[in-house]
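In what follows, a structure is listed as structure tokens, so that the remarks can point back to it.
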């Protein structure tokens, strides 16, 4: 019998059951449902482009080739993995090489990503060793391309180098990411809170920071706070 | 007036309480320091909401300008992580409250990219999105120019601008039921089709508006008081714009025709005929001219979109993706008592189709799932590029949504445009960046 069953993937379990609430009996019949987390993506060559058929070299390969050339031969020295997903190219860059990579991305005539759209943070508490991410979106006006550069840091050592020297616009964006995630950008001239009050405790956008809120009464029924409500995630 | 030495503060601190200017002037002129640090905001009427500027002055010259923000932070991005993907639109529409349609479109395009349904959005929905965005662009630019006029001491542009903006808001109210914060654009399309009579109303608007823009131009374009306050003020050239990440009319007033509608078209903008107006003066006046010209171009786009909406090809076409697993809540209607469930839809789910009822129930209580991954979608808002970085972990709620708001980034140009200028020009500089604090702080 077992040879007819589909293989069970190796990926770690993201959640069990259908609903977020763990208390109370399971009346849905979905209590035994196991949902596994998707593995980390890493795309092979050729990367293709934002549009067009996959499997053929395209715009993204030009960017990767250009970066490989200016880095002196080996892309994997500085770029941990390359992800092509939904028509977007992402370089996961080692934090030690971030400033150097961005400098090349900005200045090399074949790359020329002049415009940075800022830094955004994401917190993945389940990805041990790379919990905190800074995500930089770049745009090349010369070649009309976009690129995402992602850099990670563990929760135990939340440091990434500041890239303000390459893109001065990162000033406030790095402060915002620090404010919300506690990611420390080494070399930033004034890494202070920007949205939260100066004396605030904690970093609110982290996943371990509660949303807060109080239950409200509506037409006689009590509606729990948003983070206490049943979730289907 | 009271003076006190504060250990924490540098130098003498004056607390001005009104009717005490003689004392303040006396104390200041006798001070051994020439440097004067003043707070402009967070409640100063000229700073566009709760923006605080800390200015260091040498006489009337600004030697240092520092911007303090965060007074309007409402945690929209965090809150969205606790609501379904569709509910997210009601949050993002409240960010940059002068251009809600753009926030919604950027967010929805991000969600659609994650769902992989970008190509399946109905044509009619795309045309309505363009129509609404361009109407919104006009109302936003009008507000920018109106407040700008008032901040420079002219009240007529304010009255004109608000009067004209009211025309657009009336259209919004007629189409969506709300004047602002309408949450009209939804993942998969738009919430409701144009009601009967909307095409005629927009047609009337298109007849009135060119004359009104001309009136505004007559009042300001050559006005000596206005041009003296705006020409060669708050200079920011292309290099500065690139370094600081400044986009939108400020960038186009520095001579670069960079407009996402042309360079990276979305929602079918490549099929409309319009120009990208630029100026080469890099100053406040140039930014004003760009905004005026953009309104005229927007009218052009609206009239093209209106022809398509009322044309035979798109008449009666759906405005929400035809996918029962995503297309919620398409079946809404604007009734005489406001916006609500369409009676036809209620009859359908309660009377004739059990599957429709199940879909309705699942989508309303649980929402749709979005495959794991991340996407970035950007649109050209009246203030520049608004980008939505949307991350999903495969659930029914966003894992993380970040907005690259143009006002936030553009405000970083305050020191570059104000330092070394006169204090009166700070007002003009801030106004020409057109920051909206709801978008800056989110």
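Read the figures in this text as sums done on the coordinates, not as results from a lab. Note that the structure is predicted; figures quoted are calculated from it, not measured. Positions of Cβ are backbone-derived with ideal geometry, glycine not excepted, and every protein chain shown enters the neighbour counts.
Any chance you could give the angle, 0 to 90 degrees and rounded to 10, that helix B:155-176 forms with the longest Cα principal axis of chain B? Rounded to the nearest ten degrees, it is 20. Residues considered: B:397, B:186, B:137. Largest GNM mean-square fluctuation over chain B, using C-alpha springs under 10 Å, is found at B:397. Subtracting the Cα-Cα distance of residue B:342 and residue B:361 from their residue separation scaled by 0.36 nm leaves 5.3 nm. Computing FRET efficiency as 1/(1 + (r/R0)^6) for residue A:186 and residue B:352, where r is the C-beta to C-beta distance and R0 is 60 Å, gives about 0.40. Taking 7 Å steps out from each Cα toward its Cβ at residue B:34 and residue B:214 produces label points 5.3 nm apart.
With q set to 0.13, 0.17, 0.18, 0.30 Å⁻¹, the log10 of I(q)/I(0) for segment B:211-264, from the Debye formula over equal scatterers at the Cα positions, is -0.47, -0.73, -0.78, -1.04.
Peptides B:230-240, B:293-303, B:384-394, ordered by how many other C-beta atoms sit within 10 Å of their residues on average, highest first, read B:384-394, B:293-303, B:230-240. Highest mean packing first, where packing is the average number of other Cβ atoms within 10 Å per residue, the peptides B:314-325, B:404-415 line up as B:404-415, B:314-325. Per-residue mean of foreign Cβ neighbours for A:79-85 is 1 (Cβ atoms of other chains, 10 Å radius). For chain B, the longest principal axis of the alpha carbon atoms and the long axis of helix B:123-151 meet at an angle near 20°. Taking the inverse of the mean 1/r over every pair of distinct Cα atoms in chain B gives a Kirkwood hydrodynamic radius of 23.4 Å.
Each distinct pair of alpha carbons in segment A:59-186 adds a 1/r term; the inverse of their mean, the Kirkwood radius, is 14.6 Å.
Fully extending the segment from residue A:199 to residue A:157, taken as 0.36 nm per residue of separation minus the present Cα-Cα distance, adds 12.9 nm. When shorter helices are ignored and each DSSP H run of at least 4 residues is given -39500 (n - 2.57), the per-residue value for chain B at 222 nm works out to -14000 deg cm²/dmol. A Förster radius of 60 Å combined with the Cβ-Cβ distance from residue B:178 to residue A:4 puts the calculated FRET efficiency at roughly 0.60. The C-alpha radius of gyration of segment B:349-421, expressed as a fraction of 2.2 N^0.38 Å, stands at 1.83.
Other protein chain C-beta atoms within 10 Å of residue C-beta, averaged over A:206-217: 1. Taking label positions 7 Å along the Cα-Cβ direction at both residue A:56 and residue A:209, the computed distance is 4.7 nm, reported to one decimal. So, in Å, what gap is there between the alpha-carbon centers of segment B:382-431 and segment B:187-264? Rounded to whole Å, the Cα centres lie 17 Å apart.
Taking the average, over residues, of other Cβ atoms within 10 Å as the packing measure, peptides B:429-435, A:75-81 rank B:429-435, A:75-81 from highest down. With a 10 Å cut-off around each Cβ of B:272-283, the average count of Cβ atoms from other chains is 0. Full extension of the chain between residue B:120 and residue B:24 yields a length gain of 28.0 nm, computed as 0.36 nm times the residue separation minus the alpha carbon distance.
A Förster radius of 60 Å combined with the Cβ-Cβ distance from residue B:166 to residue A:43 puts the calculated FRET efficiency at roughly 0.70. Could you work out how far helix B:354-365 tilts from the main Cα principal axis of chain B, as a 0 to 90 degree angle to the nearest 10? Approximately 20 degrees, to the nearest 10. With only Cα atoms counted, the protein assembly as shown has Rg and Dmax values of 26.3, 96 Å.
Approximating the spin labels as points 7 Å out from Cα along Cα→Cβ, the residue A:232-to-residue B:271 distance works out to 3.3 nm.
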